[in-house]
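Below is one structure, written out as structure tokens; comments come after it.
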Amino acid sequence: MPDDYAALVLIGGFGWATQVAERVVPIIRQAVERGKIVGAICNGASFMAKCGFLNSVRHTGNGLEQLQTWGSENYTNPAGYVNAQAVSDRRIVTANGSATLEFARELLLLLENDTPERIEMYYQFNKQGFCALSITSKSIKKQ
């Protein structure tokens, strides 16, 4: 893993339930220790619970029950679970599998990819759709 990176992102999928996934644990640990942004969506968040990386941050995922099942005795922070699409806390971003846009928004905010206003604008554009936003902008122009 190179030293010069801004974020580590764990995508969703069932690969996190395999032995091969264990090879990623030292990479995650190093990223967290170095204060890098770590994002985990869907089963990536469940894997983070399994490895104890969610025990000191507010977080979300594919439901508290799944985090507890995957995490077993390694997951000790059910009180930190937030029933939300995406949660960002202390440079760790988690999201459930249906929250791709919210996940991306939280990562972009932490990465300071653009101004918060522009990031929100792009989020709304993709969430609401072109037609909905063009109707809104037309009604605003008429006023």
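Quick note: the coordinates plus some simple rules give every number you see, no bench work behind them. This one's a predicted model, so the numbers in the text were calculated from it and none came from an experiment. A quick note on method: Cβ atoms are made from the backbone with ideal geometry, for glycine too, and the neighbour counts reach across all protein chains shown.
Touching a helix residue (DSSP H, G or I) at 6+ places or on another chain (Cβ under 8 Å), in contact (Cβ under 8 Å) with a residue 12 or more places away in the chain and farther than 17 Å from F14 by Cβ: which single residue out of R90, R58 fits that description?
Testing whether each residue is touching a helix residue (DSSP H, G or I) at 6+ places or on another chain (Cβ under 8 Å), in contact (Cβ under 8 Å) with a residue 12 or more places away in the chain and farther than 17 Å from F14 by Cβ leaves just R58.
Listed here are the residues, each with its yes/no results for (1) closer than 15 Å to G63 by Cα; (2) surrounded by 13 or more Cβ atoms within 10 Å (Cβ to Cβ).
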site: N77; (1), (2): yes, yes
site: A84; (1), (2): yes, yes
site: S88; (1), (2): no, yes
site: R91; (1), (2): no, yes
site: A99; (1), (2): yes, yes
site: E106; (1), (2): no, yes
site: P116; (1), (2): no, no
site: I119; (1), (2): no, yes
site: Y122; (1), (2): no, yes
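List every residue pair whose Cβ atoms sit under 7 Å apart, with the two residues 6 or more apart in sequence or on different chains, where the first one lies in region 15-28 and is at negative phi and the second, anywhere, is among the β-branched types (V, I, T).
Cβ pairs passing all conditions: I28/V38.
M121 versus (1) farther than 28 Å from E33 by Cβ; (2) touching a Cys at 6+ places or on another chain (Cβ under 9 Å): which is the lone unmet condition?
(2)
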